[in-house]
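See below for the structure under consideration.
Any read-out appearing in this document is the output of simple, stated calculations on the displayed coordinates, not a laboratory observation. Not measured: the values here are computed from a predicted model. With ideal geometry, Cβ positions are generated from the backbone for all residues, glycine too; neighbour counts draw on all protein chains shown.
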Amino acid sequence: MADTLSTRRWGLPAPLRDLAREPRTYARLAWTWTRAVAQYPMALSLFTLGVTLASLAEMGAVVVVFAHAGTLAGFTVYEGLLVYALAAFSFGAAQLLTGSVDRLGEHIRTGSFDTMLVRPVSPLVQLAADQFSPRRFGRIVPALVVLVVALVMCDIDWTLERILMLPVLLASGVVICTSVWLIAGCLQFFATDAREAANSVTYGGQALTEYPIAIYGRGLVRSVTYVVPLAFVSWQPALHLLDRPDPTGLPGFLRFLGPVVAVALALVAAQVWRFGLRRYRSTGS
Amino acid sequence: MKMLTGILTPTSGSVRVVGRDPSRQRTRLARDIGVVFGQRTTLWWDLPLRDSLSLTRHLYRVPADVHAERLAELTELLELEPFLDTPVRQLSLGQRMRGDLTAALLHAPPLLVLDEPTIGLDVVSKSTIREFLLRINRERGTTILITTHDLGDVERLCDRVIVIDKGRLAFDGGLPELRATVPTPRVLVVDLAAPAPAIEVEGAVTVRVDGPRQWLELADNPARVISRVTAGHEVADLTLREPDIEGVVSALYRGAAPNESRV
């Protein structure tokens, strides 16, 4: 039976489904890492505090900007916070779950990626769980709080469809962020020093999606819609929840495409990962 | 080594390891082999050795009772008891290597792959590990594949030796055959009572003279050469040196062996 199981695992297209199939392994590894970082309780609490303060500062910046401008791209302060919280939650969750993927280059250089490959567990699960740290909750918890506040304070017409759509939009956002994160990480298969370049897309993308993207130029709006589809993380979901027409003039049906984009991007990420793994050359001999 | 464990996909050719294609069935294969890289650890740096080993149990899906039994056995064989609860970062290299070996063997693989397992170890740790490897090979029938630059490992452990030079197979066979392949003559070291000019006897060539000590490469039966030497000179001491494996391998690398036909 074990044989058929593992053969099937090899045939899986999506790394995310891989993750879903090995959640226990993931949880076990994450817990082991948690205990490892808990060996240094002072550092852990300071880091967590630092991450939390950083997210609060970002949030404060959103409030300050909107307080001065009144509205931005037709968005009030709470609506702006909704966009921010959607983005921060998706990126926070992606980082919580697979935050170490962008350290792939480091693992390749030190050879620890090889040790992941000789274990009977998907290296993606091991890589994603690597260095798992509870301090990452410092980002996602404040984001969730703000999300709830914004959802309550905004004037949202809570139809049944919107209520059902909310978790779908959130999940899509997380999947999109995770996939972008993974694709960016996989660049390090080919250039082990690509971490900074990759971070300009991941962290840069995060900063971008924290504001209503209508405030940016047309070219940028189009590229984050059609090229690196980060608009589906916060902007399009916010438009849908608030029932707004798109001020940048892009078609209105785009806001329903979030889940489709998420699945497509996850498939692309899976292919990139597998391609990278096959091309992997290791270091030393 | 990395192709055998499925880390690398070969650009050409094919590999079978315990009946599997490593690059296609890497995850499945991982269950049937134990791998230790001498230069890096699979253990959790900040956690006690015991925790890493119990995590290994989950990764390899070993039932708890079987795991406990094997751990007890390996703990005894490798004398892990004193440092089972010590964080891995505080272990000495030898202790860590024993921990890594344990981690690689807890799922009782039929094949153990060791990449430079004795690198950087002190003499005592080396011999503990060699003894242990011989023992599991004998008692459990675990096949051991070892790469090493330490030829002491080879002499002590290996039945079959494969020498690879610049990616090409230079030799594949047993230790005695390896010795026979390369004509490295035995050397007779003669300590004379007093310094003398190079000894000239039939069946040997004097290759070096240092004061009263002379080195003779033997081409003939050593007993006969010795009797000829003692007949003509006053000898204080005699030593006969077998060619060591190191000399054989370096001769092989220099291309002294006419064994191209064997490849």
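Numbers for the structure displayed
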{"read-out": "Neighbourhood net charge (13 Å Cβ-Cβ; Lys/Arg +1, Asp/Glu -1) for A:Tyr84", "value": "-2"}
{"read-out": "Using a Förster distance of 56 Å, the FRET efficiency for A:Val149-B:Asp85 (Cβ separation, nearest 0.05)", "value": "0.75"}
{"read-out": "Segment B:132-189: trypsin sites (Lys or Arg not before Pro) in DSSP loop, at most 15 other beta carbons within 10 Å", "value": "B:Arg140, B:Lys166, B:Arg186"}
{"read-out": "Antiparallel DSSP beta bridges within the protein assembly as shown, percent to nearest 5", "value": "70 percent"}
{"read-out": "Charged-residue dipole, Cβ positions (Lys, Arg, Asp, Glu), chain A about Cα centre, Debye nearest 20", "value": "940 debye"}
{"read-out": "B:His58/A:Arg222 FRET efficiency (R0 41 Å; Cβ-Cβ; nearest 0.05)", "value": "0.30"}
{"read-out": "Sites B:Thr11 and B:Thr239 - FRET efficiency at Förster radius 41 Å, r taken between beta-carbons, to 0.05", "value": "0.25"}
{"read-out": "Approximate spin-label separation A:Ile163-B:Glu155, in nm, with each point projected 7 Å along Cα-to-Cβ", "value": "8.2 nm"}
{"read-out": "Listed residue (B:Leu55, A:Phe91, A:Ala266) projecting farthest to the positive dipole end of the protein assembly as shown, Cβ model", "value": "A:Ala266"}
{"read-out": "The protein assembly as shown - charge dipole about Cα centre, Lys and Arg +1 at Cβ, Asp and Glu -1, debye rounded to 20", "value": "1540 debye"}
{"read-out": "B:Asp191, B:Asp100 arranged by Cβ crowding within 10 Å, fewest neighbours leading", "value": "B:Asp191, B:Asp100"}
{"read-out": "Nearest-20 debye value, segment B:121-263 charge dipole, Cβ charges on Lys, Arg, Asp, Glu", "value": "440 debye"}
{"read-out": "Exposure proxy ranking, count of Cβ atoms within 10 Å, fewest first, for B:Arg213, A:Arg255", "value": "B:Arg213, A:Arg255"}
{"read-out": "Spacing of the two label points (7 Å from each Cα toward its C-beta) at B:Arg140 and A:Ala207, in nm", "value": "5.3 nm"}
{"read-out": "Local electrostatic count, A:Gly252, Cβ distance below 10 Å [Lys/Arg +1, Asp/Glu -1]", "value": "+1"}
{"read-out": "Label point distance in nm, B:Asn221-B:Ala194, each placed 7 Å from Cα along Cα→Cβ", "value": "3.3 nm"}
{"read-out": "Shape call, segment A:132-188: gyration tensor on alpha carbons, a/c limit 1.5", "value": "oblate"}
{"read-out": "Order of B:His149, A:His107, B:His58 - criterion: other Cβ atoms within 10 Å of each residue's Cβ, fewest first", "value": "B:His149, B:His58, A:His107"}
{"read-out": "Extension gain, B:Ala180 back to B:Asp21 (0.36 nm per residue minus Cα-Cα distance, nm)", "value": "53.8 nm"}
